[in-house]
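Heads up, the thing below is written out as structure tokens.
Readers should treat all values here as calculations from the given coordinates under stated rules, not as data from a laboratory. These numbers come from a predicted model, not from an experiment. No Cβ is skipped: glycine too gets one built from the backbone with ideal geometry, and neighbour counts run over all protein chains shown.
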Amino acid sequence: MDFTLDKKHEMARQLFREFAQNEVKPMAQEIDETEQFPRENVEKMMKYGFMGIPIPKEYGGQGCDVLTYVMCVEELSKVCGTTGVIVSAHTSLCCDPILTYGTEEQKQKFLVPLASGKKLGAFALTEPGAGTDAQGAQCRADEDGDSWVLNGSKCFITNGKEADVYIVFAVTDIVEDAKGRKSKKFSAFIVEKDTPGFTFGTKEKKMGIRASSTYELIFQDCRIPKENLLGARGKGFGIAMHTLDGGRIGIAAQALGIGEGSIDATIEFVKERKQFGRPIAAFQNTAFQLADMKARMDAAKYLVYNAACTKDVYTQDHKTSYSIEAAEAKLFAAEAAMAVTTKAVQLHGGYGYTREYDVERMMRDAKITEIYEGTSEVQRLVISGAMLK
Amino acid sequence: MSLEEYKGVAIFAQQVDNKLSSIAFELIGKAHELAADLGTDVTAVVLGKDIAGLADKLGEYGADKVVLIDDPALETYRTEPYAQALTAYINEYKPEIMLVGATAIGRDLGPTVSARVKTGLTADCTSLEIGDFPLVAREGQEQKHNQLLMTRPAFGGNTIATIACPDNRPQMATVRPGVMQKLPKEAGRKAEVINFNPEIKENNRFVEILNIVKNVTNTVDIMDAKILVSGGRGVGSPENFKLLEDLAEVLGGTVSCSRAVVDSGWKPKDLQVGQTGKTVRPNVYFAIGISGAIQHTAGMEESDIIIAINKDETAPIFDVADYGIVGDLNKIVPALTEALKAELAAQN
Amino acid sequence: MNIVVCIKQVPDTKGGVKFNPDGTLDRASMLAIMNPDDKAGLEAALRIKDETGAKVTVLTMGLPKADDMLREALAMGADEAVLVTDRRLGGADTWATSSTVAAAVKKLDYDLIITGRQAIDGDTAQVGPQIAEHLALPVISYAEDIKVEGNSVIVKRQYEDRYHEVKAQMPCLITALSELNEPRYMTPGGIFDAYDKEVTVWGRDDLTDLDDANIGLAGSPTKIAKASDKVRKGAGEKVSLDPKESVEYIMNKLKEKHVI
């Protein structure tokens, strides 16, 4: 086992770090305050290929691997969790399912502009009545001639109002098993912004990742062409779960970055802040707390990189499962980020509770990583389910 | 080449718009010291068009000889005709030392000419003296006397190197403006004036000047200011520089700034102090809201008195300041301006 | 059109300069970066490439580890990279460096050569004009703006209090200021491609049009007599007072020093 990065990955990290420091960090506090989607930086990321890192070049991407993509989300999240999730939702939840399940025509029409940075993507699964329990879903799609007609709504959608292309899941069939129990069958659809009947509802006011555009999507007799069905009819649930396995690696990387970023900020602070005539870094409590924080985030890092590398194997052989690795990475990294950012705030004392210091925002941003794309409880279900089967 | 053939100290007396640059007199001042050590004289070389009138002033400031190369091709600085002229001067008159200002002209002309005459060139010198090379005699190596020892900062001002050019002539250096002292003017002192015509030939290396655009600023050159009130990013906004301008006005000083301020577009480049800006050494330097990165301090640490005001007590500017005040510039600077007004009014 | 951009790997002195306890420079802690003026020169070349499809070759003389910097240039969009490295070339001053680089450039096709104005380690600004001299090319130093027009370049040449708009026939050499532009970032895919590319490596013996008398330490007319790290001026007094007391403090010092 070799845990060292090769030169190209090192240089890629250097690139992401420079971009994060120069472009993203100066905006992070402000966009949190104003809840303004960082359009300008997203356009820069589009220009520099950050929006299609693991997608093959033939589909407009950069032809790199999942590990490189993960380092991008990590470095961005070190300074701004919002920017990290914009890239993650776009790449893992919109580009990836089209790459995996799309027809060649769909890839050319949708993936190429997404991965080459001309369009932004989003993923719409959650509904007001259906989060962890997918069977509660109400949004449906009915076949009508050459179209599918969508009706219903989706909520908490990342990149909500800013995206151009959406992967939307809707109930297309209800089947009965031998015992007469009914269950809903889902299908996945590619929906473009400005399709008649597709509008936006309320914007969520959130605790963290406040500049991420989180919206409700509303479909009222929204007619989409038949060829926009992604994958086979009725296979939507599997597509959603498989997509979320990948998405969890992105969110795990976001959590990793947020936790690491809070350590960076804390190191800077404890060297400067003086109490009892010396910098608080000189107190053993501070030093030991920092050591624990570092060890915890490093452990998270190896789980996240392991999940990324496992998905890279899947990219090659199309069969290796990375579901457990992704669940473990997300579970551990999210909880580590929450714990570490909380400690970071504590080490900042009263300053850490004010918005003048980044750790206050990082602690709020960390919380969402334990919730979205499968709560920590769902990750435990996934992991233990495989253990006990 | 016989090194002994080379005699005398020459300086390139830069003129722009037929007005001698201050560096010309600074170089004469230093050349005088060097020439005294060597028992030789100082020649100022002027290139331009219709420049005969400049010779008197060079004599008054200490040049023993003035060589004029007057040619229409030299009216405005261009590398090739200037390089031809100065090269011809060196080949004809064979000075042992040739000093050029480290200006935007000199740092182009110097390297071109030194390569053309195949000698060494030391850039951006801050100190020049005559001495031995090697500094200390070493067995198996001839120690040469009466060498030009050229000292210059490198590495963003973090290192200092002393360099010699023992085997080639002339020994060439570009010299940082504002560092050497000019001699006091001696009215009526005359230099021997020599007109030299090297016949400049147009070739493929001539460039065409399409346009000359002068910066419209009417401020005092910060390098000449006795008191500088310098602001950094900590000043907060271009508008807030008014506080510094008020302070400068009451002290008869000039406002300058750090690179961050220029990069933010708050102030023009010619007010920038530091490694990539100007080197200043006023009697008093106020560093206000300047953190004091090495690039900045490299350009101002020779100031006689440095007074720093910064709210960040860990700012590196306090490491070079004679007097450091940790506090809010928005409160301190206006109050200081008022106190100075009152004090100066009382003195009158 | 062929553009050769000469670049140098330098220690990063920007902001990150650290000192040892004895006041000398802590070189080991500094990152090796592409010299900022050179990076601006590369960006200028890449913009010409974006417009005209010119081929951009980057050339450096340095240690083998300068390979990293060349990969960075490739990842930004340069087409080819050449590393001139040989122990015999070490210790070169600007004369020997420019002689060597000029000999390497002669082996390449070029219409335009761009160098940075100066490197942040040496700050000499000499190598660019001296390369032009060895190649007998027109030189325009201190470029703030570069435009290509047919067979000519039109450059804004910076001076202290003005600029000249200057036109030169290609082939010619331009030295670039960092103010020229904001260099682009690499792209992730560009980085992966850069490591799949071949960097041309030339040693002393590959440079045939170069006299031994003009290379390395021995071929350098200037010799270092003494070098030392500058020990920074010590800190003076530092006070933390309320605004009124601060003003009194400064007034007293100005009086003490006879400024007022």
ask   = Scaled to the compact-protein estimate 2.2 N^0.38 Å, what is the alpha-carbon radius of gyration of chain B, rounded to two decimal places?
value = 1.11
inquiry  = If I fit a long axis through the Cα atoms of helix A:25-34 and take the longest principal axis of the Cα atoms of chain A, what angle between them do I get, 0 to 90°, rounded to 10?
reply    = 60
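About its Cα centre, what dipole magnitude does the protein assembly as shown give when the only charges are +1 on Lys and Arg Cβ and -1 on Asp and Glu Cβ, stated in debye to the nearest 20?
Working: 116 positive and 143 negative charges, 318 e Å.
Taking the Cα centre of the protein assembly as shown as origin, the dipole is about 1520 debye.
For region A:228-281, what number results from the quotient of the Cα radius of gyration and 2.2 N^0.38 Å? Walk me through the numbers before you get to the answer.
On the way: Rg = 21.9 Å, N = 54, 2.2 N^0.38 = 10.0 Å.
Computed over Cα atoms of region A:228-281, the ratio equals 2.19.
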remark   = One point scatterer per Cα, no solvent, Debye formula: log10 I(q)/I(0) for region A:1-107 at q = 0.14 Å⁻¹ comes out as -0.57
query = In whole Hz, what ³J(HN,Hα) sequence does region B:141-153 give by Karplus (6.51, -1.76, 1.60; θ = phi - 60°), x for Gly and Pro?
reply = 9, 5, 8, 9, 9, 6, 9, 7, 9, 10, 10, 8, x
inquiry  = How would region B:190-335 be classified by its alpha-carbon gyration tensor: rounded, prolate or oblate, with rounded meaning a/c under 1.5 and the a/b versus b/c comparison settling the rest?
reply    = prolate
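Using the per-residue mean of other Cβ atoms lying within 10 Å as a proxy for protection, in what order, highest first, do the peptides A:198-210, A:293-305 fall? Please report the intermediate quantities before stating the final value.
Values: A:198-210: 16.1, A:293-305: 19.7.
Answer by packing, highest mean first, reads A:293-305, A:198-210.
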key: Rounded, prolate or oblate (a/c below 1.5 giving rounded, otherwise prolate when a/b exceeds b/c) for region C:133-260 by Cα gyration tensor   = prolate
note = The correct pair for region B:1-157, radius of gyration to one decimal and Dmax as a whole number, both in Å and from Cα atoms, is 15.8, 54
ask   = Tilt of helix C:67-76 relative to the longest C-alpha principal axis of chain C, in degrees (0 to 90, nearest 10)?
value = 80
remark   = For region B:8-24, Karplus-derived ³J(HN,Hα) couplings (6.51, -1.76, 1.60; θ = phi - 60°; whole Hz; x for glycine and proline) come out as x, 10, 10, 10, 8, 8, 5, 10, 10, 6, 6, 10, 5, 7, 4, 4, 4
task = Would you mind checking the tilt of helix C:36-52 against the longest principal axis of the Cα atoms of chain C, expressed as 0 to 90 degrees and rounded to 10?
result = 40
request  = Could you run the Karplus curve 6.51 cos²θ - 1.76 cosθ + 1.60 with θ = phi - 60° over region C:107-112 and give me ³J(HN,Hα) per residue in whole Hz, x for Gly and Pro?
outcome  = 7, 10, 7, 8, 10, 9
ask   = For the protein assembly as shown, what's the radius of gyration and Dmax over Cα atoms, in angstrom?
value = 33.3, 120
ask   = When the convex hull of the C-alpha atoms of region A:103-147 is computed, what volume per residue in Å³ does it have?
value = 129
ask   = Can you list residues whose amide H is under 5 Å from residue B:122's amide H, if they're 5+ apart or on another chain and H is modeled 1.01 Å from N?
value = B:172, B:173, B:174
Normalised contact order of region A:148-189, rounded percent, pairs of Cα under 8 Å and 6 or more residues apart = 34
ask   = Build a GNM of chain C with springs between Cα atoms under 10 Å: which of C:240, C:99, C:220 gets the top mean-square fluctuation?
value = C:240
request  = Name the residue, out of B:120, B:252, B:29, whose mean-square fluctuation peaks in a Gaussian network model built on chain B with Cα pairs under 10 Å.
outcome  = B:252
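Take every DSSP beta bridge with both residues inside region B:1-104 and express the antiparallel ones as a percent of the total, to the nearest 5.
Percentage antiparallel, nearest 5: 15.
For region A:128-265, what relative contact order do you get, as a whole percent, if you take Cα pairs closer than 8 Å and at least 6 residues apart? It would help to have the intermediate numbers written out before the result.
Values: 235 pairs, mean separation 36.2, N = 138.
It rounds to 26 percent for region A:128-265.
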message = Would you work out the Kirkwood radius for region B:109-189? I mean one over the mean of 1/r across all pairs of different Cα atoms, in Å.
response = 14.3
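Here are some pairs, A:57/C:106; A:185/A:206; A:7/C:49; B:94/B:201; which of them have Cα atoms lying more than 24 Å apart in this structure? Write down the numbers at each step before the final one.
Details: A:57/C:106 36 Å; A:185/A:206 32 Å; A:7/C:49 27 Å; B:94/B:201 21 Å.
Cα-Cα > 24 Å for A:57/C:106; A:185/A:206; A:7/C:49; rest within.
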task = Return the long-range amide H neighbours of residue A:186 (sequence gap of 5 or more, or a different chain), with a cut-off of under 5 Å between placed amide H atoms.
result = A:172, A:236, A:237
ask   = Which value, in nm² and rounded to one decimal, describes the direction-averaged projected area of the C-alpha convex hull of chain C?
value = 19.4
query = Given a cut-off of under 8 Å on Cα pairs at least six residues apart, what relative contact order in percent is computed for chain B?
reply = 14
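Just round it to a whole percent: the fraction of Cα-Cα distances in chain A exceeding 30 Å.
Numbers: 28774 of 75466 pairs.
Counting every Cα pair in chain A, those more than 30 Å apart make up 38 percent.
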request  = Quote the convex hull volume per residue of region C:46-92, based on C-alpha atoms, as a whole number of Å³.
outcome  = 70
request  = Report, in whole Å, the centroid distance computed from the Cα atoms of region A:21-57 and region A:68-104.
outcome  = 12
task = Give the long-range amide H neighbours of residue B:324: residues separated by 5 or more places, or on another chain, with amide H under 5 Å away, using H modelled in the peptide plane at 1.01 Å from N.
result = B:308, C:237, C:238, C:239
